[in-house]
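Read through the structure below, which is laid out as structure tokens, and then see the notes.
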Amino acid sequence: MRFARRLSALGLSLLSVFALVSCATREQPPTSPAPTQAAFPATLTAPDGKQVVIERQPSRVVSLSPTATEVLFAIGAGEQVVAVDDQSSYPAEAPRTQLSGFKPNVEAITQQNPDLVVVAADLNDVVGGLTAVKIPVLLLPTAKTLDDAYAQWTLLGKATGQLTQADDLVRKTRDEIKKVVDGTPAKPLKYYHELGPDLYTVTSGTFVGRVYALFGLVNVADPANTPAADGFPQLGQQALFQANPDLIFLADTKCCAQTVETVKARPQWSTLTAVQRNNIVALDDDIASRWGPRILDLVNQVSAAVKRAAG
């Protein structure tokens, strides 16, 4: 079957993941840098190394990145946002439009009269097109690590003049994640993270894979990764059954209407340890595919699942 979810939830990534040597060893959340103050004009260094100059505090921000939209509202820049893309489903008050992050149209974007545009990918040469008409563009691709995510939140704080709030968000999220991880038993349980019922999944080198690694979990998909899969391989059912995961996480509840019950009803899946012990966790697709502040919700869900599975 066509795997539409991979395009909609993870197609923004365009990332090259770095394979982890081991998932059974916990990854420790990094320490927080000292905050600095925002000022304008501001010269920012984007993740790709390019500099972006913002002459004055933006008041008409357009976000074509669902993750950036969540961060902007979380750091108090919501009132500066005039339009977001059609995939920005959270928060509810975000000014959602028909603008597309997958097929960005420079003319449609400029009609919003933006003084800052945030994108997750340079599709349709949107960065070059907006730069040509003197509109600052901040390119924030899919984070590979928590550090990457925190750095992007900080950049958005600097770009909007909300640096203090951004630093607070980073610090609080970092501290909360550490507290949750420290309070969870480190067990090398095997897990399968489902992106679709056709068994597309993620490896440990993806952002969400690194979140699981915080808990010392072992990803059953790692052996199936290839350069072409780029961290998102499709498993064969035989390989999945041989791996026999202790935990199953469903990140296809919205896109593909998968539930604990639909998984239990799949032919032969009742032989899997995770199914037999009812260790199937239904996730919110959006939260599981973004790298915004709601990542803490995912961390809490994983922690609860590990505690339950560890007995």
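A few points about this structure:
- Close pairs (9 angstrom Cβ cut-off, 6 or more residues apart or separate chains): on the phi > 0 side of the Ramachandran plot in the range 270-287, surrounded by 15 or more Cβ atoms within 10 Å (Cβ to Cβ) anywhere: Asn278/Val260
- Taking (1) buried (at least 21 other Cβ atoms within 10 Å of the Cβ); (2) part of a loop (DSSP other than H, G, I, E, B); (3) under 20 Å from the mean Cα position of the chain (by Cα) in turn, Thr184 satisfies each apart from (3).
- Any chance Thr142 is touching a helix residue (DSSP H, G or I) at 6+ places or on another chain (Cβ under 7 Å), within 17 Å of Asp286 (Cα to Cα) and of a type in the set (Ser, Thr, Tyr): yes
- Checking Val263, Val299 one by one, the residue that is β-branched (Val, Ile, Thr) and closer than 21 Å to Pro197 by Cα is Val263 and no other.
FYI, it's all coordinate maths here, none of it is from the lab. Quick caveat: nothing in here was measured; it's all calculated off a predicted structure. Heads up, the Cβs are rebuilt from the backbone with ideal geometry, glycines too, and the neighbour counts pull from every protein chain shown.
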